[in-house]
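Single-structure report; data block below.
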Amino acid sequence: MSEIDTPKAGGRVTLVTGGSRGIGLSIARSLQLAGEQVVITYLHTTPTEVRGPEGTTPLHAVRCDVTLHEDVEELFGEIEGSLGPVEVLVCCAGITDDSLLMRMGEERWARVIETNLTAVYRVTKRAIAGMIKARRGRIVLIGSVVAMLGNPGQANYSAAKAGLIGFARALAREVGSRSITVNVIAPGFIETDMTAQISESARAELSRNIPLSRLGSPEEVAAGVLYLTSPGAGYVTGSVLSIDGGLGMGY
């Protein structure tokens, strides 16, 4: 049985991969509040957590491993069968698996590249078929400031996020004539469950290197997505929008 509830009227059909927590959840909620029909994917989060606390409007939630072709096909089959073709795609699903390169095994490298880059190819390729037919669409890929700056111990993650920029710009040229925009958001250090585990001394050191002297919020990243998917951004494509407090300026 489909995990998507009965379709609701109004709003574009919007897919946010990795939308069950952190930045992805903030993006999904912001798009939902803007009136879009939002579907999120989750993998390890329980359905109760995905659907939000009591009193909030549930998001359409589908369990999907974006590294598996069959899961992605099933995901789009459910969305298209219940809501229609995807009109807005936000690729937010991603992992880290850090290690200095000399100690990084091929499995660790491949897992991060597969999840953070190859899965984006897989999901986006599936989504653009409907967008091309409709002659409209918005695609936003969530990258990272480390794509430009690099980060010790994150050769795999940095490479994958840098790859998103080349992927987005090539695709933007391919589908621009169909009124489909493709952009990348490059967040810096954002307040999430992962950064919450950073010690106070490490947090202070991070803040010293950020011109705005603080970590960003998931809502500030979501605001960038709202802009890039809005009518006002109809002439913006192939761009990298840095939301990093100035950390990566000049790159």
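Placing unit charges on the Cβ atoms of the charged side chains and taking the dipole of the chain about its Cα centre, the candidate lying farthest along the positive direction among 57, 115, 175 is 175. Couplings 3J(HN,Hα) of region 146-151, computed from phi: 5, 4, 9, 8, x, 7 Hz, in residue order, whole Hz [Karplus 6.51 cos²θ - 1.76 cosθ + 1.60, θ = phi - 60°; x for Gly and Pro].
The largest accessible area among 45, 237 belongs to the first residue in 237, 45, and the rest follow in falling order (1.4 Å probe, all chains).
For the chain, the longest principal axis of the Cα atoms and the long axis of helix 69-82 meet at an angle of about 50 degrees. Placing R0 at 35 angstrom, the Cβ-Cβ distance between residue 199 and residue 230 gives a FRET efficiency of 0.35 after rounding to 0.05. Kindly express, to the nearest 10 degrees and within the range 0 to 90, the angle between helix 218-228's C-alpha long axis and the longest C-alpha principal axis of the chain. In the chain, helix 218-228 runs at an angle near 50 degrees to the longest axis. Magnitude of the charge dipole for the chain, about its Cα centre and with charges confined to Cβ atoms of Lys, Arg (+1) and Asp, Glu (-1), is about 900 debye. Here the extension length gained between residue 132 and residue 68 equals 20.7 nm, from 0.36 nm per residue of separation less the Cα-Cα distance.
Counting only protein heavy atoms and a 1.4 Å probe, the chain has 50 square angstrom of accessible area per residue. Taking label positions 7 Å along the Cα-Cβ direction at both residue 213 and residue 151, the computed distance is 2.4 nm, reported to one decimal.
Atom-type composition of the exposed protein surface of region 124-199 places 52 percent of the accessible area on carbon and sulfur (1.4 angstrom probe).
Taking R0 as 22 Å, what's the FRET efficiency between residue 110 and residue 43 from their Cβ-Cβ distance, rounded to 0.05? Using R0 = 22 Å, I get an efficiency of 0.80. Summing Lys and Arg as +1 and Asp and Glu as -1 over all other residues whose Cβ lies under 9 Å from the Cβ of residue 128 gives a net charge of +2. Taking the Cα atoms only, what angle lies between the long axis of helix 22-33 and the longest principal axis of the chain, rounded to 10 degrees? Roughly 40 degrees, rounded to the nearest 10. If you bin all the Cα-Cα distances of the chain at 5 Å, starting from zero, the percentages per bin are 1, 6, 13, 18, 20, 17, 12, 7, 3, 1, 0.
The values are calculated or read from the model by the stated rules, or taken from the named source; none is laboratory data. Computed from a predicted structure; not experimentally measured. Every residue, glycine as well, gets a Cβ built from its backbone with ideal geometry; the counts of neighbours run over all protein chains shown. For accessibility, only protein heavy atoms count, side chains too; no ligands or nucleic acids. Shrake-Rupley method; radii C 1.70, N 1.55, O 1.52, S 1.80 Å.
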